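Read the structure below first, then the notes.
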């Protein structure tokens, strides 16, 4: 047994799949770009690179069927790049089919290993693709080649239209002339040798790509050509059929060989980054505890050491956090293909515009927003964008536009899905909600449009009774809301009939380490994300008023809802409400004053996720260790706004 046979190649499978996934994504992006402009064949370079790399890596892992199929696909792509096969809509659709087929083949082969048979489904798909390739190649070969018939003395007896096109002569001009008139002088010797070999052996391979023979056009220019020959007998007369192809359009410019550069990046498994991040979190907790312990016994030397340590830990945190930041392009780039396929299935014309792809987001957040964005885009294509004829009738472009954008504010990422479709009919949503018992008649009369649209995020709410792959507005939107709020973010919706709809996700940049405000209620301490706090101020009695049986807080001559945190969390305290502090929290364009007993400190904390038991407790999204070693729960502000205590008081935030 050789050393290669003894080698356990399974250790390379994960990297193999990772590289393949990245390659297929690049292929999809290249094909989407090619679909917009069929003349930009340079996009096929990326496709060829993917299949060539896949062929080599599959061969290394002994996935010989994948390697062979990749090689066949690579040859086909190369013929496309050389324009031997025309590029059009049907061709690009077939290229997507090839990509999907080999991607499925790679996944199954990686799961099964090199020795197991692939499933019949995959085998059938691969064979279908191979047959289509052969058909396209044969069809093009028969449709674009010149045919010249000569006798045994080299006199031309027939000259078809493609031969006329290639050489620039009409058939009348060349019939009866010697074939040497269309062979470029320096190559006549090669041509004669080729014909002589055929006469002697009856066998001859095609002379390819102009390396051995050049044709001569009527205008005096020469060109590389591919030539194949066979013979027929008409009675006792022997004739030779020459098949000619102009190869000048297929010449490829030599590529510049670049100097080898030093490696600037290395691949690091995400588990290692997560482990480093957790260690930095523990350092921050330890630092906070040390600061608390030494707060009363600082000496000059100790103070200098603590300042230096704080600086080092802060810089380390910044570097490790930066390593976890990933451009949203990693998620965005998966959607153009999905949008294209859904639009084609629904006979719609949709253009997906992406902005801010370079915006960076913590990987833990990025991993969670893929599915919510998928639901929003599916809804936009399926129920936002109208059919082309309807759009044209309404004075719009036949092709609808969906804009997927990301931008960063000081402490948030805002991701928006904006379509220029039909918009959402709030009255129709309200009627459906009434029929399904989601709201009462009295509630329907007083509901604002914003509140009606927010009903789309309720689990199971749909605006259509037809069950399809895309169903109605609302299908999947509860997933969007749940995932966004789980990350400590918010989702908003705005729509105008006939103009379009916009969904906005506001997400924290990095949720694990954050600036928090420590507040006290009785003997309990809680923390609030600082980016949700506008300001804190003394809750004087004259600032708190009652309006229609609800408390409001007068903030600069404007009344905003006021609720005590102890009421929200059902905390019983023996102390009277003296010296309350109002924490002004904002959520979108809305504000609320949260009454607490004390504001203790603002501090940077590492937020730990709750276990499966405590996750059932509404109103909390994590916990942190305080400088004195005690544990404080992080308030889940969006969830608190949904508490029954809050609803009972008639507040809608």
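Coordinate-derived values only; no laboratory data. Small disclaimer: the values here were computed from a predicted structure and weren't measured. Quick reminder, even Gly has a Cβ in these numbers, built from the backbone with ideal geometry, and neighbours come from all protein chains shown.
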request  = Evaluate the distance, in nm, between pseudo-label points positioned 7 Å from the Cα of residue 295 and of residue 120 along their respective Cα→Cβ axes.
outcome  = 7.3 nm
remark   = Heads up, region 32-81 by the C-alpha gyration tensor (a ≥ b ≥ c square roots of eigenvalues; a/c under 1.5 rounded, else a/b over b/c prolate, else oblate) looks prolate
inquiry  = Whole angstrom only: what separates the Cα centroid of region 265-317 from the Cα centroid of region 232-248?
reply    = 83 Å
Full-extension gain in nm, residue 538 to residue 19, via 0.36 nm per residue minus C-alpha separation = 181.1 nm
query = If you stretched the chain out fully between residue 601 and residue 233, how much longer would it get, using 0.36 nm times the residue separation minus the C-alpha to C-alpha distance?
reply = 122.4 nm
remark   = Given a Förster distance of 51 Å, the FRET efficiency implied by the Cβ-Cβ spacing of residue 108 and residue 241, rounded to the nearest 0.05, works out to 0.65
task = Would you give the gap between the C-alpha center of region 69-114 and the C-alpha center of region 125-195, rounded to a whole Å?
result = 29 Å
key: Length gained when the stretch residue 550-residue 571 is fully extended (0.36 nm per residue, less Cα-Cα span)   = 5.6 nm
Ordering of 70-78, 350-358 by burial proxy (mean other Cβ atoms within 10 Å per residue, highest first) = 70-78, 350-358
